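To keep things clear, I will list the structure first and then write my remarks on it.
The values are calculated or read from the model by the stated rules, or taken from the named source; none is laboratory data. Note that the coordinates shown come from a computational prediction; the quantities given were computed from them, not determined experimentally. Cβ: placed from backbone, ideal geometry, glycine included. Neighbour counts: every protein chain shown.
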Amino acid sequence: MHPLKRPALVPCSASVLMALLILFALTIDARALVYGEDERIDVYMVISLPAYGIFDAPVSLIGTAFVGWNDPGIDFMETELAGISLTGYAEGLGPVRLDGPAPSPGIVSPPEPGPDFPAESFFDVFFQIELPELLPPGGYIYNSAPIHASSWIVQWPPYYETYESDLAVPTPLFDNTGIQVGEVLVWRHDHTPYYPPTAHINAPMDKYSDLLVPIENEIPLVEVTADLITNVPCDVLSATFGWRFAGTGDPFIDFGFDTDDSAPRFSTINEMGTGGGWSAFFDLNNLPPEGAQVEFEVNFEVGWPWHYSIRDTVYCFGDPTFPLPDFWDWPTDSIGYFRPDSLYGIPVLHYEDWIAFRELRVLPLAPAHQRTLTPIDQLGLGTDRDSVSCAPTAGACCLKYWADNGHPEIEHPNGDTSKPKMTPEQIARELQGLMGTNDSTGTTASGIMGGIEDYLDNHGLDGWDVDGWYVDDAEDLAEMFEEFEADSEDVIILLQDTTASGDTIGHAVTMGSKSSSFYEVITEEAYIGCIRHNVDFMDPWGGGSTADNDYPVDYDENGQPATSGYDLGGKSGAAKIFGYIKVSPPEGGGGDGPAMMLPAESDKWITVDTGPGGPPGQPDTLYWSTAGFEGGVYLMEARVQDAGGRMRRAIRLCGVPEYTVDTGEHETPGAGTMLHGSYPNPFNPTATIRFSLSGRMKVTIAVFDISGRLVKRLLADEVRDAGDHAVVWDGRNEAGARAASGVYFCMMKTADGTSGAKLILLR
């Protein structure tokens, strides 16, 4: 764990004993918002009072204010540090207030011969401080001589610049009677852009479509969530959720009202508690049985320091008839084990009244995939939010990857490539504001996504897709790997761990590489299929790169994926992978407005079977012949399409063994009962079908066409001994006529079960 880093205090005398930290809330002076450019400044100030008998320790003031800029001139640029108003409370001091009684002018003066950067910039800062517990009523402390804070800037406006006073020349402080009572030891202010509060609403949609996903199968409720993201502290009074049919323009109908936010946050030093997120449940029975396109809205009522409403909307498709297909009798926490050169029947269940067609596809996950990432240290950003800035730093690493790979405007102010590049740390600092990163807790997952979206918009990049999903099991992990391998996406992993003290903390890292493999283990009882994953990532703790970490992925007692050997709590163990965020350029799909039926997707999916849909509520069998497929890890997807052309999907994780591990604790088992396929395949005119039996038993083998009709019985309850066998099909049907060219399925039934193989007849 890294402690909260703060700048060192420079004492001016032996009487300086300690620093007292006062955290301030923000108020805004209207004078700060009258210029064309506005930005936030984070003020850090240390004053010494003990030498004058007021307080026996230096006082550290930290707070936030705004600065307004006028338009740049030809020869110089005038600035104004206006509206400094910091208020707060400190133990032992009571309420404290710092105000700027008058605008504090500043000058940007370029070096000769003209107004080019870099340029010297400075502010002459005036202020007054009220200490009601220490001073008489109406008393205050002020500076009559300005604090001269200067910096060299390289862009306009001078975002991300730090202005500091000369430490060797303390500025005297006077009380309102004109008596000197103290001096300013340190003045520093850091500039960041001002980000108005924005609302972000999220609806749980199927990963590759806009179809709403209920909280549980056969429970017609969806949880709609929202966040208010801002780098300005404000008081949210409520979040109201509404819905309407898309495209109608009708008023929104309220369906939820939330005053208690509950979204988890990600912080490297504080407990991952609640705060920052709002939600409501929408009943899909509000929609017609055939479903409909809907639009959701969230309306935030914001109180202090302003009072106004902030809204956001999202489009999606709702269907109350549970339209998502499902794999019949294949639990979601089970990993499919498919032997080489075999055919398997996969029952798929769907619920729609009418299905145009059904399809079974597989996606081979790459054995290894790697990207080169820029290491960024969250502890090197130079702000008081260092210890909670893992999410902005991970986001900056992700954006830096895209800046280096075809999108250079990402790393230039406002997307203007004529301006000097921003450093990765400056990108992270901008993301801190846009994500609403709080200096005591961190940020929410929705805040991360919204911050990255706003950053891209601010840099002139529209249509990017930023989405996130939870990781609950091995399948979710495999889908995360699929996103990482896709040509136009990048992945930020969200981790969670419990410290030795029992606190749950979070962390965000940028995925750099992964490897996957599938193998089988022979035991005395059975063959067991096993998956092995390793991940690398850019770790913001110290800026670690993907070259110095490689962590196996294991699973905890609940089946939750976890990074074995990497933990957040300072003890040995593992950090849970409980979510991820992907960032995709426009060619990866997405964008504003109503969601499309299916966005662009990876072209690596392989269709292994397709056919017309059957009756709703009954399983249809689709087939996968593993002949010709290399060993490795696969995603298997069943898709169905309804009469309206909308695609729905179900997905499972599976594998074909790449190698075998023999435990050596048993005798090698004899031949198992299995249909091994045919030779040759495709064939004409005959095919030899090989099979093996684990013992003496009855065997039935028959050939069917793709519609499920019987073509030819090859064996009918014939008794065969244990071992390997073969039977020949001459390509004719039961009537002796030649079968047409096409795809056929050979199914074997024994006391041990049923297996199958795909046959292709080419005349």
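Residue-by-condition table, conditions (1) at pLDDT 80 or above; (2) touching a Cys at 6+ places or on another chain (Cβ under 7 Å); (3) closer than 30 Å to Ile41 by Cα:
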position: Ile201; (1), (2), (3): yes, no, yes
position: Pro204; (1), (2), (3): yes, no, no
position: Leu212; (1), (2), (3): yes, yes, no
position: Ala239; (1), (2), (3): yes, no, yes
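Counting just the residues of the stretch 352-370 that are buried (at least 19 other Cβ atoms within 10 Å of the Cβ) and over 24 Å from Tyr659 (Cα atoms), which one comes out modelled with the lowest pLDDT?
Glu352
Does the stretch 725-756 hold any residues that are among the acidic types (Asp, Glu) and within 51 Å of the chain's Cα centre (by Cα), and which are they? Walk me through it before giving the result.
Pass one, the stretch 725-756, residues among the acidic types (Asp, Glu): 730, 734, 752.
Result: Asp752, single match.
Go through the stretch 393-430 residue by residue and tally those that are over 21 Å from Asp536 (Cβ atoms) and either free of Cβ contacts under 8 Å to residues at least 60 places away in the same chain or surrounded by fewer than 18 Cβ atoms within 10 Å (Cβ to Cβ) (or both). I'd like the intermediate steps shown before the answer.
Of all residues in the stretch 393-430, those over 21 Å from Asp536 (Cβ atoms) come to 406-423, 425-427, 429-430.
With the extra rule that they be either free of Cβ contacts under 8 Å to residues at least 60 places away in the same chain or surrounded by fewer than 18 Cβ atoms within 10 Å (Cβ to Cβ) (or both), the set shrinks to 406-412, 414-421, 423, 425, 427.
Looking only at that region, the number is 18.
Tally time: how many residues in the stretch 693-710 are in a strand (DSSP E or B), of a type outside the set (Ser, Thr, Tyr) and over 19 Å from Tyr679 (Cβ atoms)?
Count: 5.
Return the pair list, or none, for Cβ contacts closer than 6 Å from residues in the stretch 332-350 that are in contact (Cβ under 8 Å) with a residue 40 or more places away in the chain to residues that are among the basic types (Lys, Arg), at least 6 apart or on different chains.
That search, which allows pairs on different chains as well, returns Gly336/Arg652; Leu343/Lys758.
Please state which of the following conditions Gln180 fails to meet, knowing it meets all the rest: (1) touching a Ser or Thr at 6+ places or on another chain (Cβ under 8 Å); (2) modelled with pLDDT of 85 or more; (3) surrounded by fewer than 20 Cβ atoms within 10 Å (Cβ to Cβ).
Failing condition for Gln180: (1).
Mind checking which residues of the stretch 628-642 are acidic (Asp, Glu) and assigned to a loop (DSSP other than H, G, I, E, B)?
Just the residues of the stretch 628-642 that are acidic (Asp, Glu), to begin with: 630, 637, 642.
Across the stretch 628-642, the qualifying residue is only Glu630.
State whether the residues of the stretch 255-264 include one that is in contact with a strand residue (DSSP E or B) (Cβ under 9 Å, 6 or more places away or on another chain) and at pLDDT 85 or above.
Among the residues of the stretch 255-264, at least one is in contact with a strand residue (DSSP E or B) (Cβ under 9 Å, 6 or more places away or on another chain) and at pLDDT 85 or above, which makes the answer yes.
Name every residue in the stretch 135-158 that is part of a loop (DSSP other than H, G, I, E, B) and at pLDDT 70 or above, in order of residue number.
Of everything in the stretch 135-158, those that are part of a loop (DSSP other than H, G, I, E, B) and at pLDDT 70 or above turn out to be Leu135, Pro136, Pro137, Gly138, Gly139, Tyr140, Asn143, Ser144, Ala145, Pro146.
Going by what's in this entry, would Gly447 be described as in the same structural domain as His200 (by TED's automatic domain parsing) and either among the polar types (S, T, N, Q) or out of contact with any Ser or Thr (no Cβ under 8 Å at 6 or more places or on another chain) (or both)?
No, not satisfied.
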